[in-house]
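Asks: First, the structure itself, so that you have it in front of you.
None of the figures in this text is laboratory data; all of them are computed from the coordinates on show. Quick caveat: nothing in here was measured; it's all calculated off a predicted structure. Virtual Cβ from ideal backbone geometry, glycine too; neighbours counted across all protein chains shown.
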Amino acid sequence: MEFSIKQCSPEKQHSACVVVGVYQGGQLSAAAQQLDAAGNRQISALIERGDITGKVGSSLMLHTLSGIAAERVLLVGLGKADEFNGKKFLEVLRATFTALQNSVCKNATLYLTDLAVTERDAIWKINQSILLAAESAYRCDHLKSKPADPPTLHKILLGCADKPDEAGQTAVQQASAIADGVKLAKDLGNLPGNICTPTYLADQATDLAKQHKLKVTVLEEKDMEKLGMHSLLSVSSGSRQPAKLITLEYRGGDKKQKPIVLVGKGLTFDAGGISIKPGAGMDEMKYDMCGAASVLGTMHAIAEMSLKLNVVAVIPSSENLPDGAASKPGDIVKSMAGLTIEILNTDAEGRRILCDALTYAARFKPDTVVDIATLTGACVIALGHVASGLYSNQDTLAHELFAAGEYANDRVWQMPLWDEYQQQLDSNFADMQDIGGREAGSITAACFLSRFAEDYRWAHLDVAGTAWKSGKEKGATGRPVPLLTQYLINRAKS
């Protein structure tokens, strides 16, 4: 989908559809007023006879209005003017794109970003308009023998009363890049485990590196063995698919600038190993690599933006399957950091591949490390499917990520990482055990990771509740690509 922004009069805009807002009570938005005046009060007449009430999210498609250059006009309800906030703006966008996708429009001009939205700026409105437009067009049916026809809507123009400044043009370019990154993360996440293997992920990273001239390195199991990554390798030991450790390096900043490292969990399928999961819902364990997918999506986005920043992606990838060679409860393995780990539950594999990746990340002399993982069901119990869990060893970093998530509408909530929880990982036989019991499961998983991130600023995002949806709308969400890209945009500005 193509996106652009320009100053243009709604009544003169030659478009398949012009979209304007109507407030509850009959008040017209500025763009709707212009259409109404040019069309001899046709819109006002429709409001007066009750064809559209202005209720938030309602819509009415009008065809061939006299005095209007566009083929169609879509009226969208905005609700009460004094209550029009960010949440309602998003409702309006969803209603708009639902109506447009259900039409035959190939292009549309939206006059929505000029609307006054409580505590939201123009850049936010542009970002959300583009991201939700892209979301409405997303399909993942290419593996069906007869895929549905692609959406007809492929071009969106954001119309505005005043000439957009450089910041507005940049926002369109950046939001388009974020949308592309989200799409890549969704595409990878939605692939089945028999296609998206660790080798496939490595190939995708290599293709991404060629596309954007990034440096890519793929470590094989023999390389990891030499580095002492026995924790990571203990996860892949039950699989016929070899593990990979993938790194991508984007160097958009000064040579002396320390990089931000993104570590993405890449479990391309997690059956739980010997501690095998229940059969119901196990198909969704193909989404256990959504942390890796989000990191690749973020790298794609920032490369498209040409951000002036140095960013490194580190992706440990493997499968976790039961086999005669698989790790067993009670086994003890040594991590790359030299710490020994007693495996009590082979389904706690995410932290065991991440810990070696976090140790490996230190060789890049990072300014900051953020790991992203579909790590614990306990986080879903705590936060549901709205917010991702956020842990950090530095409050300033946590606040930066929280603010980025709030702005990007990709929200997180900070969880405690207190020393009192660390004792739940005590083992009689090793330096630590891999689980801390039923209580505070998401916290103790983060505590485990924190032991391998003591030498740098570090944050952990547990996206187990937000990386995909179940049920009728089953599919990867692309989160937290919007949060990560916004965080990196903010860092590039600073």
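Asks: Kindly flag which residue pairs out of K213/K255; K226/K334; K186/K213; K183/K286; K308/K493; K186/K222 have an alpha-carbon separation exceeding 19 Å in this structure.
Replies: From the list (K213/K255; K226/K334; K186/K213; K183/K286; K308/K493; K186/K222), the Cα-Cα distance tops 19 Å for K186/K213; K186/K222.
Asks: Same structure, new question: Simple spin-label model, 7 Å along Cα-to-Cβ: Q101 to A325 in nm?
Replies: 4.4
Asks: Now for a different question. Let's test the formula: R0 of 51 Å, r as the Cβ-Cβ distance of E2 and N428. What FRET efficiency results, to the nearest 0.05?
Replies: Rounded to the nearest 0.05, the efficiency is 0.25.
Asks: Cut-off under 14 Å on the C-alpha distance; same-chain residues fewer than 8 positions from K80 excluded. Which aspartates and glutamates are left, in chain and number order?
Replies: Within the straight-line limit of under 14 Å, K80 reaches these aspartates and glutamates: E91.
Asks: For the peptides 420-428, 317-325, 265-273, what is the packing order when you average, over each peptide's residues, the other Cβ atoms within 10 Å and list the highest mean first?
Replies: Descending packing order for the listed peptides: 265-273, 317-325, 420-428.
Asks: Here is a follow-up. Taking the simple approach of a point 7 Å from Cα along Cα-to-Cβ for both N345 and K474, what is their distance in nm?
Replies: Once both label points are built, they end up 2.4 nm from each other.
Asks: Which of the lysines could a cross-linker bridge to K6, judged by Cα under 22 Å and excluding same-chain residues fewer than eight apart?
Replies: Answer for K6, where 22 Å is the Cα cut-off: K106, K125, K155, K163, listed by chain and number.
Asks: Where does each of 447-457, 16-26 land if you order them by average Cβ count within 10 Å, highest first?
Replies: Taking the mean over residues of other Cβ atoms within 10 Å, the ranking is 16-26, 447-457.
Asks: In addition: I'd like the distance separating the alpha-carbon centroids of the stretch 1-60 and the stretch 262-311, in whole Å.
Replies: Their Cα centres are 42 Å away from one another.
Asks: Using every pair of alpha-carbon atoms in the stretch 311-383, split the distances into 5 Å bins beginning at 0 and state the percent of pairs per bin, rounded to integers.
Replies: 3, 13, 21, 22, 19, 14, 7, 1, 0
Asks: With θ set to phi - 60°, apply the Karplus curve 6.51 cos²θ - 1.76 cosθ + 1.60 along the stretch 139-155 and write out the HN-Hα couplings as whole Hz, x wherever there is a Gly or Pro.
Replies: 9, 9, 10, 5, 8, 7, 5, 10, x, 5, 4, x, x, 6, 6, 9, 9
Asks: Still on this structure, I have one more. Rounded to the nearest angstrom and ordered from largest down, what semi-axes does the equivalent ellipsoid of the stretch 2-160 get from its C-alpha gyration tensor (root of 5λ)?
Replies: One finds semi-axes of 25, 18, 15 Å for the stretch 2-160.
Asks: Run the dipole for the chain about the Cα centre, Lys and Arg Cβ at +1, Asp and Glu Cβ at -1, nothing else charged, and hand back the magnitude in debye, nearest 20.
Replies: Computed charge dipole of the chain: roughly 1180 debye.
Asks: Using Cα pairs closer than 8 Å and at least 6 residues apart in sequence, work out the relative contact order for the chain, in percent.
Replies: Relative contact order, the chain: 14 percent.
Asks: Counting only other residues whose beta carbon sits under 15 Å from that of H385, what net charge do I get with K and R as +1, D and E as -1?
Replies: Numbers: positive: R411, K469, K472, K474, R479; negative: E284, D410, D462, E473.
Local net charge: +1.
Asks: Show which aspartates and glutamates lie in cross-link reach of K474 when reach means a straight Cα distance below 15 angstrom and same-chain residues fewer than eight apart are skipped.
Replies: E135, D141, D187, D283, E284, D288
Asks: Evaluate the distance, in nm, between pseudo-label points positioned 7 Å from the Cα of K213 and of I332 along their respective Cα→Cβ axes.
Replies: A separation of 5.2 nm, rounded to one decimal place.
Asks: Using 0.36 nm per residue of separation minus the Cα-Cα distance, give me the extension gain between N85 and H399 in nm, one decimal. Walk me through the numbers on the way to the answer.
Replies: Working: separation 314, 0.36 × 314 = 113.04 nm, distance 2.32 nm.
Length gained between N85 and H399: 110.7 nm.
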